[in-house]
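Visitor: Structure in structure tokens, see below.
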Amino acid sequence: MDLQGPGAINYTGDGRGIDDTPFSSARNHTFSHMKIWDWESGVYIAGANYPIFEYIEMYNIMAANWSTYHPNGIYIIGSDYGIVRYSKFRYGVNGCGEGVVFSDGGSWRNWEIYGNLFYDLIGGGLKSIQYQDAPTQGVKIYNNTFVNNQVNLYMSSASCDASSESRNNLIYGSGGGINCGISSNNLTASSNPFANSGAKDFHIVSTIGTGYPRNAGTVLGITYNTDMDGVTRGADGAWDIGAYENKSGASSVIYPPASPIILGIE
């Protein structure tokens, strides 16, 4: 599904590609294989537990009057046990707001953010993942790739508790580290580890050794043992770091349905 908004206009109210804010007992909503772009905010989710966001491509999330109507990617409040996986958050002509945002208090328990790409989010205020105003509990940040961002993980009046984990995340270029709770095997690569970063192909090279992500990861279990392409992690005997497991000829493209549904605003 293609959700296109009106672009970076002057908004007079929130412009949300998806507004999932029942503040009730609603739960188990799944959003899959979607392109969300040209909105003031991509997704608002509030009071809805057990959501899944997967195979999302999000970019151009911005308002011309952004100081009044702040752009957000996936904005989360008062929702627990969620998953964000196998998705791409990138710049485009504009940014993707704040990527994955936990803000304005509420509870954020047991969220899982794994197998995603965050790249080229350079610009004032752009962050890949943001926690704000309250402690996180049991959050897992696994096997994501962060490339050339302003800020990778931003904590504002917030903290990660001891049950939170960040493991097997790959960082290249700017943006800073990913440290939330217990951290292990997060790699900040000094040499370009990608097949073709100029073409935005962030599959990793086959090189094995210090500073490279192949075979350098922690085994995290069957729930997380496939990458965005469906490649099984550890099939060669060891897990790789980052969103992609190394496999020659794998594709980094999320293909839309043959006849996508187009929802737009004139």
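Visitor: Can you sort LYS35, LYS127, LYS200 from fewest to most other Cβ atoms within 10 Å of each residue's own Cβ?
Guide: On the way: LYS35 19, LYS127 27, LYS200 15.
By the 10 Å Cβ count, ascending: LYS200, LYS35, LYS127.
Visitor: Place +1 on the Cβ of every Lys and Arg and -1 on the Cβ of every Asp and Glu in segment 2-190, take the dipole about the Cα centre, and give the residue among SER32, LEU170, VAL84 whose Cα lies farthest towards its positive end.
Guide: Among SER32, LEU170, VAL84, the one farthest towards the positive end of the dipole of segment 2-190 is LEU170.
Visitor: Treat the count of other C-beta atoms within 10 Å as a stand-in for reagent exposure and order ARG214, ARG109, ARG27 from fewest to most.
Guide: Numbers: ARG214 20, ARG109 17, ARG27 14.
In order of increasing Cβ crowding within 10 Å: ARG27, ARG109, ARG214.
Visitor: I'd like to know which of TYR11, TRP239, GLY125 lies farthest towards the positive end of the charge dipole of the chain, counting +1 on Cβ of Lys and Arg and -1 on Cβ of Asp and Glu.
Guide: Looking along the dipole axis, the top candidate is TRP239.
Visitor: Now for a separate question. If the only charges are +1 at each Lys and Arg Cβ and -1 at each Asp and Glu Cβ, what is the size of the charge dipole of segment 2-190 around the Cα centre, to the nearest 20 debye? Walk me through the intermediate numbers first.
Guide: Details: 10 positive and 16 negative charges, 75 e Å.
Dipole magnitude for segment 2-190 comes out near 360 debye.
Visitor: Enumerate the lysines that LYS200 could reach by cross-link, defined here as Cα to Cα under 18 Å, with residues fewer than 8 away along the same chain left out.
Guide: LYS200 reaches LYS35, LYS88, LYS247.
Visitor: Could you tell me how far the Cα centroid of segment 23-65 sits from the Cα centroid of segment 152-212, in Å?
Guide: Between the Cα centres of segment 152-212 and segment 23-65 lies a distance of 24 Å.
Visitor: Listed highest first by mean packing, meaning other Cβ atoms within 10 Å per residue, what order do 155-168, 113-126 come in? Before the final figure, lay out each step's value.
Guide: On the way: 155-168: 17.5, 113-126: 21.5.
In descending order of packing, they fall as 113-126, 155-168.
Each reported figure results from applying straightforward, stated rules to the coordinates on display, with no laboratory input. Remember, predicted model here, so these are calculated numbers, not experimental data. With ideal geometry, Cβ positions are generated from the backbone for all residues, glycine too; neighbour counts draw on all protein chains shown.
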